[in-house]
Amino acid sequence: MYLVSACLAGVNCRYNGSNSTNEAIQELVREGKAIAICPEIIAGLPIPRACSEIIIDEDGNRKIVSEVGQDFTKEFIEGAQKTLEIAKTIGIEKAILQSRSPSCGYGLIYDGTFYGKLKAGNGLTAELLVENGIEVYTENDLEKLSI
């Protein structure tokens with residue numbers, strides 16, 4: 001069983017109310033081979049919500065802030081923790097997450113400038129899953145999974 005980002009399964013849960021539908025991932029959910037989760041929604045953030053990115057503050061701490069300066073770090077951490085709890089309960093070993101996201105991004109995330117630039121790094125949920133032994137992939141890695 002896979003854990004997948006809900007937006008990849010066609011759920012309109014992205015910050016702007018859209019989705020990032022991936023047909024192969026939708027099929028996994030339809031076949032009962034994947035469960036779709038949005039860490040930001042299970043943390044209680046609304047749809048739509050402010051576009052947010054990971055920044056490093058003056059003390060060197062990672063924070064999730066919106067383009068207008070709202071701090072959503074607490075909510076993103078809560079969403080990551082709840083996602084991990086669900087994954088552990090179900091026995092998830094692999095996750096397919098939305099690339100570049102401050103929650104789900106894996107390998108590359110937006111750089112915190114809100115100019116669409118990328119940097120090496122992981123979103124909070126992806127990082128927590130990896131730290132707990134769950135293999136993380138993005139929608140760009142499906143060929144590695146032989147789905």
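Note down the magnitude of the dipole of the chain about its Cα centre, charges +1 on Lys and Arg C-beta and -1 on Asp and Glu C-beta and zero elsewhere, to the nearest 20 debye. Intermediate values should be presented prior to the final figure.
On the way: 14 positive and 21 negative charges, 47 e Å.
The dipole of the chain has a size of about 220 debye.
Send over a whole-number figure in Å² for the accessible area per residue of the chain, probe 1.4 Å. Don't skip to the answer; put the middle values down first.
Details: 7360 Å² over 147 residues.
Value for the chain: 50 Å² per residue.
Mind listing the Cα extents of segment 15-67 along all three principal axes, in Å, largest one first?
For segment 15-67, the Cα extents along the three principal axes come out at 47, 22, 19 Å.
Run through the DSSP bridge list for segment 1-123 and note the antiparallel percent, rounded to the nearest 5. Show your work: numbers first, answer last.
Details: 9 of 17 bridges.
So the antiparallel bridges amount to about 55 percent of the total.
With a/c under 1.5 counting as rounded, go ahead and sort segment 101-147 into rounded, prolate or oblate using the C-alpha gyration tensor (a ≥ b ≥ c being the square roots of the eigenvalues; past the cut-off, prolate if a/b is larger than b/c, else oblate). Show your work: numbers first, answer last.
Values: a/c = 3.15, a/b = 1.47, b/c = 2.14.
Because a/c hits 1.5 or more and a/b fails to exceed b/c, segment 101-147 counts as oblate.
Return the carbon/sulfur percentage of the accessible area of segment 1-114, one whole number, probe 1.4 Å, all protein chains in place.
Details: 2760 of 5470 Å².
Carbon and sulfur atoms account for 50 percent of the accessible area of segment 1-114.
Take peptides 68-74, 98-104 and line them up by average Cβ neighbours within 10 Å, highest first, as a rough protection proxy.
Values: 68-74: 13.0, 98-104: 27.0.
Taking the mean over residues of other Cβ atoms within 10 Å, the ranking is 98-104, 68-74.
Just checking the chain: which Cys have no other cysteine's beta-carbon under 4.7 Å?
Cys7, Cys51, Cys104
For segment 59-147, count the residues as N, evaluate 2.2 N^0.38 Å, and divide the Cα radius of gyration by that value, please. Walk me through the numbers on the way to the answer.
Details: Rg = 13.5 Å, N = 89, 2.2 N^0.38 = 12.1 Å.
In units of the 2.2 N^0.38 Å rule of thumb, it is 1.11.
Just need the relative contact order of the chain here, percent rounded to a whole number, with Cα pairs under 8 Å and 6+ apart.
Values: 301 pairs, mean separation 31.9, N = 147.
Relative contact order of the chain: 22 percent.
With each run of n ≥ 4 DSSP H residues scored as -39500 (n - 2.57), what mean residue ellipticity at 222 nm is computed for the chain after dividing by its residue count and rounding to the nearest 500 deg cm²/dmol?
Numbers: 4 runs with 38 residues, N = 147.
Roughly -7500 deg cm²/dmol at 222 nm, from the helical runs in the chain.
The values are calculated or read from the model by the stated rules, or taken from the named source; none is laboratory data. Keep in mind that this is a model prediction, so the values were computed, not measured. Because the Cβ atoms are built from the backbone with ideal geometry, glycine has one as well, and the counts that use them run over all protein chains shown. Surface areas here come from the heavy atoms of the whole protein model, side chains and all, with no ligands, DNA or RNA. Shrake-Rupley method; radii C 1.70, N 1.55, O 1.52, S 1.80 Å.
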